[in-house]
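> The structure under discussion is supplied below as structure tokens; questions concerning it will follow.
The values are calculated or read from the model by the stated rules, or taken from the named source; none is laboratory data. Nothing here was measured: the structure is a model prediction, and the numbers come from that model. Reconstructed Cβ throughout: ideal geometry from the backbone, glycine too, with neighbour counts over all protein chains shown.
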Amino acid sequence: MNNNPSDGYLLILSGPSGSGKDTIINEIVKRDEKTVVSISMTTRKPRPGEVDGVNYYFVTKEQFEENIKNDQMLEWAQYGDNYYGTPKAPVFKWISEGKTVILEIEVQGADKIRAQYPDVRTMFLMPPSIHVLRERLSGRQTESEEEVNKRIEIAKKEIGRANDYDYIIVNNRLEDAIEDALEIIFRHRRHLRRSLNNEPDKLEEFYYGHQFKEDFTNILNERGI
Ligand code: 5GP
């Protein structure tokens, strides 16, 4: 993957459960035909409306462990009481075809990928506050109160890891967060393409995103500029 001669690349999106990762990824793949999303394997039970092979590959613990043993997982982690992991084969195929492959995975999986593939790009989706996160998790009524509490505790730990990511996107306004993510995707693709063609490139220009711009504008306004 590191010597890949195309502009395909691996992109991780992490963020607490309820931070809006699914919604953002659905919009990204609708708007950018070069981006695809990896379908994970999990031992957790499907939620109402979730479809096997679309949202996840839902498998038993034994099947999951068999896949680990046969070296078919790019990474895997335990989250709560379940296993989650990324099947390896489709990811390599897509990257060689020039796709941007999004992995929607939690922080331990991101650590494993970073250690193996230092070229990976990583984004962290930050909820505006824990309070909002709790409201979103309770509001979707797919988890029990106990499960929501568990997820909030995990979220607090995950938020503490946000600085290890290349980009932090605050999901305050959905449309802003989608545009920020797309901009990050396009810039890195452009950077890779220029490198492949030996064109001059001032590396990836740093992208600050809407939230930063807003804070920046507020600071300027406070100073009366
Ligand atoms: P959920 O049960 O809400 O669908 O997912 C729980 C957590 O597992 C989320 O943080 C999600 O990003 C993460 N997750 C989903 N698929 C994978 C995967 O393939 N690998 C890892 N490490 N985490 C995953």
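> Only residues in the stretch 75-91 that are farther than 9 Å from T42 by Cα and without any contact (Cβ under 8 Å) to a residue 40 or more places away in the chain count as the first member; pair them with residues that are more than 7 Å from the ligand (Cβ to nearest atom) and in a loop (DSSP other than H, G, I, E, B), Cβ under 8 angstrom, at least 6 apart or cross-chain, and list the lot.
Once the first residue is farther than 9 Å from T42 by Cα and without any contact (Cβ under 8 Å) to a residue 40 or more places away in the chain and sits in the stretch 75-91, its partners that are more than 7 Å from the ligand (Cβ to nearest atom) and in a loop (DSSP other than H, G, I, E, B) give K88/D71; K88/Q72; A89/Q72.
> Is it fair to say I159 is modelled with pLDDT of 90 or more, touching a Phe, Trp or Tyr at 6+ places or on another chain (Cβ under 8 Å) and under 30 Å from K45 (Cβ atoms)? First the steps, then the outcome.
Numbers: modelled with pLDDT of 90 or more: yes; touching a Phe, Trp or Tyr at 6+ places or on another chain (Cβ under 8 Å): no; under 30 Å from K45 (Cβ atoms): yes.
It is false that I159 is modelled with pLDDT of 90 or more, touching a Phe, Trp or Tyr at 6+ places or on another chain (Cβ under 8 Å) and under 30 Å from K45 (Cβ atoms).
> Could you check the stretch 142-180 and list, in sequence order, the residues that are surrounded by 16 or more Cβ atoms within 10 Å (Cβ to Cβ), touching a residue at least 60 places away in the same chain (Cβ under 8 Å) and assigned to a loop (DSSP other than H, G, I, E, B)?
Y165, N171
> Residues in the stretch 104-125 that are aliphatic (A, V, I, L, M) and away from the ligand (no atom under 11 Å from the Cβ): how many?
Within the stretch 104-125, the first condition is being aliphatic (A, V, I, L, M), and the residues that meet it are 105, 107, 110, 113, 115, 120, 123, 125.
Right, trim to away from the ligand (no atom under 11 Å from the Cβ) and you get 115, 120, 123.
Number satisfying all stated conditions: 3.
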